Amino acid sequence: NPDFPLYAGYIAEMVWTFFLVLMVNCISDPKYQQKTDDIMKFFAVGMVIFFGASSIGNVSGAALNPAVGTCSNLTGYAIHKDSSVLKSIGIYWAGPLSGSILAALVFTMVIKPNYEILDEKQMKEKDYAINSP
């Protein structure tokens, strides 16, 4: 969006990619999953995507994925033959990449070490899902 500076698009993409990747990391780690319906996991990811798209759609287009942002810019260039749309491709790479790296670091260093690591017997006693083969 030309009404916003490029750094606003970068920050928007980074923040919401951070939330999305952190949510996916938290719900998909099988070693530490609690017994939860799969539909609630999908609902949680869907809500992050919905709120992200609703809040930053006007700022950056809410691509949250470098491939989506690049393809939308290249399509805009092919249709309109306007090279100014290509100047924002960088935010669709830098924002999601830095947001996902930050989410992986937060998950690995802050969230995962605070999980209670239980053996199989303790997991059954606490009614946790056991996802080992």
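Values quoted throughout were computed directly from the atomic coordinates according to the rules given, and no laboratory measurement underlies them. Remember, predicted model here, so these are calculated numbers, not experimental data. Backbone-built Cβ (ideal geometry, glycine too); neighbour counts: all protein chains shown.
The criterion of being surrounded by 13 or more Cβ atoms within 10 Å (Cβ to Cβ) and more than 15 Å from TRP16 (Cβ to Cβ) holds for GLY76. Tallying residues that are outside any helix (DSSP H, G or I) and either among the small types (Gly, Ala, Ser) or within 14 Å of the chain's Cα centre (by Cα) (or both) within region 37-79 yields 7.
Scanning region 91-111 for residues that are of a type outside the set (A, V, I, L, M, F, W, C) and crowded, with 16+ Cβ neighbours inside 10 Å gives TYR92, GLY95, PRO96, SER98, GLY99, SER100.
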